[in-house]
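Here the structure is laid out as structure tokens; the discussion comes afterwards.
The values are calculated or read from the model by the stated rules, or taken from the named source; none is laboratory data. The shown structure was predicted, so the numbers you read here are calculated from the model rather than taken from an experiment. All Cβ positions, glycine included, derive from the backbone under ideal geometry; neighbour counts span all protein chains shown. Each accessible area value is taken on the protein alone, full model and side chains, heavy atoms only, with ligands, DNA and RNA left out. Shrake-Rupley method; radii C 1.70, N 1.55, O 1.52, S 1.80 Å.
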Amino acid sequence: MPQLPEPSAESLRREHMPLRGRTALVTGASRRGGIGYAVARRLAAYGASIYLHHHVPHDRTQPWGADPDGPEGVAAGVREAFGYPGAQVAHGPGDLSDPEGPGKVFAAASEALGGVVDILVANHALNGSDGSLKDIDAQLLDAHWATNTRSVILLIQAYAKLRAAHPVRIRRGSRVVMMTSGQDLRAGMPEEIAYSLSKGALASATHTLAASLGGMGITVNTVNPGPVDTDYLTGEAYDRIAGMFPAGRWGMPDDPARLIAWLATDEAEWITGQVINSEGGFLLSGEHFSPVPGGPWPRERPADPRPDPSQDPRQDPRPDPVE
């Protein structure tokens, strides 16, 4: 006989707002075109209160630029998605490349959310200024490591300390989600060595972190969102890559956001230590795929003002162009 009773009929019915009353810190959420924003909206729609981390100076250096309405415009979009009247959204800046940055960001989030952070989604990333093996140097490697890897581990450390300080009765729903890329798949990312190494380290650490925190009831999973349209590519290259998906379209920010939001719910409490590819069949495809007949792809977009980053879209499948 099972040691646990079978679920009651009532418990099998899906909760309309499964994160009602819970809180979440989402890093790298400073643009409405990014995955961080999409994740925050999904979590808010499920009932959670949200703290949005942003680092606008990084966005300003990128071709896509910062959100025209700034962090408050992003926060307003998250508020629109609230599913629970008692939920709230707050936001704050933070340079996560600074060794003290992760602790400061987490402390600000904890204070804004009433001293409890149930869900940590480490979505931020340093993008750009990368290269092939012959192009990189120690400075590039260190910069990507500091922002994309070290800061995530320090955020998780701060999160674990806070969760340990709370009574066991409120630890249910403890979730950590990290973001990786396509560095371990297909042809890898040979033109983005520093970025791919820093993201690959998170994928590699997933199992160890899950084992380290499992005794506290914390699940740790990592999501590879695949190529996602976050406004970093346009023109012929965009349409060609769309044809490499069985569905004939790119991933949209809400595609990985749905998975991440579900991982934060109680339904996913038995899933931990996993690197999950959310790529819409991209792994199964090749350039022989054509856009789905009758579908909206390829769509007309302005000419690409930037050089084609590579013949492989995995050279730039970035989760969110925000540090």
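Some notes on this structure:
- For region 14-22, backbone phi angles converted through the Karplus equation (6.51, -1.76, 1.60; θ = phi - 60°) give residue-by-residue couplings of 5, 5, 5, 10, x, 10, 4, x, 9 Hz, Gly and Pro being listed as x.
- All Cα pairs of region 215-285, percent lying beyond 21 Å: 35
- The amide H of G251, built 1.01 Å from its N in the peptide plane, has D229 as neighbours under 5 Å, considering only residues 5 or more places off or on other chains.
- Using θ = phi - 60° and Karplus 6.51 cos²θ - 1.76 cosθ + 1.60, couplings along region 187-196 (whole Hz; Gly, Pro as x): 8, x, 9, x, 9, 9, 5, 5, 5, 5
- For region 107-259, pairs of C-alpha atoms spaced more than 20 angstrom apart make up 57 percent of the total.
- Rg [Å, one decimal], Dmax [Å, integer] - the chain, C-alpha atoms: 19.4, 64
- Summing +1 for each Lys or Arg and -1 for each Asp or Glu among the other residues whose beta-carbon sits under 10 angstrom from that of I136 gives -3.
- Kirkwood-based shape ratio for region 1-159, expressed as Rg/Rh from alpha carbons: 1.07
- Length gained on full extension, R60 to R14, computed as 0.36 nm times the residue gap minus the Cα-Cα distance: 12.4 nm.
- Rounded to whole Hz, the Karplus (6.51, -1.76, 1.60) HN-Hα couplings of region 45-61, x for glycine and proline: 5, 7, x, 7, 8, 10, 10, 9, 8, 9, 9, 4, x, 5, 4, 5, 8
- Projected over every direction and averaged, the convex hull enclosing the alpha-carbon atoms of region 84-155 yields 5.9 nm².
- Length gained on full extension, E269 to A247: 4.9 nm, using 0.36 nm per residue less the C-alpha separation.
- Furthest towards positive pole of dipole, L202, I218, A242, structure part the chain, Cβ charges: I218
- I50 long-range amide H proximity, modeled H, under 5 Å: A24, Q88, V89, A90
- Counting heavy atoms of the protein chains alone, M178 has an accessible area of about 0 Å² for a 1.4 Å probe.
- Peptides 275-282, 27-34, 3-10 ordered by packing proxy, namely the average of other Cβ atoms within 10 Å per residue, highest first: 27-34, 275-282, 3-10.
- Each principal axis of the Cα cloud of region 174-234 was taken in turn, and the coordinate range along them, longest first, works out to 44, 22, 18 Å.
- Over region 1-90, equivalent-ellipsoid semi-axes from the Cα gyration tensor in Å: 34, 14, 10
- Mean Cβ neighbour count within 10 Å, used as a protection proxy, ranking 68-76, 245-253, 133-141 highest first: 245-253, 68-76, 133-141
- About its Cα centre, region 19-118 has a charge dipole of approximately 400 debye under the convention of +1 per Lys or Arg Cβ and -1 per Asp or Glu Cβ, with nothing else charged.
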